[in-house]
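What follows is one structure encoded as structure tokens, with my remarks underneath.
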Amino acid sequence: MAKLSILLYPDPRLHTVAAPVAQVNDEIRQLIKDMAQAMYAAPGVGLAATQVDRHLRIIVVDTSPAHDNLLAFINPELVQTSGDAELEEGCLSVPGIYEKLKRAQKIRVRALNAEGEPFEHEAEGLQAVCIQHEMDHLDGKVFVEKLSRLKQTRILAKLKKRERESE
């Protein structure tokens with residue numbers, strides 16, 4: 001198993017738009033396993049391939065309390081959204097920063113599974129928010145960039161200070 005490193009904001013590679021997966025093969029299945037390992041080790045509830053510097057449209061999510069319900073979405077697309085949710089979000093690429101954002105409360109996603117088979121998945125609440133958050137990464141977006149300029153400036157200052165202190 002390859003140990004994947006999670007890119008940290010403001011790394012410019014986090015702004016790369018991920019390419020669709022052309023073919024689901026053993027390499028893609030191994031990437032999903034490696035991403036799950038990195039997500040669980042972090043620990044987190046979702047991870048996009050962009051965050052581990054693999055710019056393919058793949059996300060893994062597990063919002064279950066026991067962390068035993070891994071979902072992998074290859075080439076995910078939102079096909080339906082409804083309602084409003086405002087939950088506190090965090091991100092493995094922006095450790096220690098949590099902010100509330102508005103997202104859809106309930107979603108339906110169409111994607112391929114690890115066998116390359118198409119499926120649709122309905123999610124609501126935390127899982128819906130998590131999937132939307134990870135899908136943003138595939139489009140080169142980081143959640144803190146949805147916040148006000150002032151909050152973004154404060155977050156960057158906090159991250160730079162933390163980096164200086166750890167050196």
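The values are calculated or read from the model by the stated rules, or taken from the named source; none is laboratory data. Note that the structure is a prediction, hence the values are computed from the model and not measured. Reconstructed Cβ throughout: ideal geometry from the backbone, glycine too, with neighbour counts over all protein chains shown.
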Response to the item:
All conditions in (1) touching a Lys or Arg at 6+ places or on another chain (Cβ under 8 Å); (2) buried (at least 16 other Cβ atoms within 10 Å of the Cβ) are true of GLU134 except (1)
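Go through the residues of region 143-153 one by one and say whether even a single one is within 13 Å of PHE73 (Cβ to Cβ) and modelled with pLDDT of 95 or more.
Within region 143-153, not a single residue is within 13 Å of PHE73 (Cβ to Cβ) and modelled with pLDDT of 95 or more.
Taking the stated definitions as given, is ALA19 in contact (Cβ under 8 Å) with a residue 24 or more places away in the chain and on the phi < 0 side of the Ramachandran plot?
Criteria met by ALA19.
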Fill in: Subset of region 82-116 (residues that are assigned to a strand (DSSP E or B), in contact with a helix residue (DSSP H, G or I) (Cβ under 8 Å, 6 or more places away or on another chain) and not small (Gly, Ala, Ser))
LEU87, GLU89, CYS91, VAL94, ILE97, GLU99, LEU101, ARG103, LYS106, ILE107, VAL109
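Pick from VAL142, VAL79, VAL109: which is crowded, with 16+ Cβ neighbours inside 10 Å and either closer than 20 Å to VAL24 by Cα or out of contact with any Leu (no Cβ under 6 Å at 6 or more places or on another chain) (or both)? Steps first, answer last, please.
Values: VAL142 fails: either closer than 20 Å to VAL24 by Cα or out of contact with any Leu (no Cβ under 6 Å at 6 or more places or on another chain) (or both); VAL79 fails: crowded, with 16+ Cβ neighbours inside 10 Å.
Going through VAL142, VAL79, VAL109 in turn, just one is crowded, with 16+ Cβ neighbours inside 10 Å and either closer than 20 Å to VAL24 by Cα or out of contact with any Leu (no Cβ under 6 Å at 6 or more places or on another chain) (or both): VAL109.
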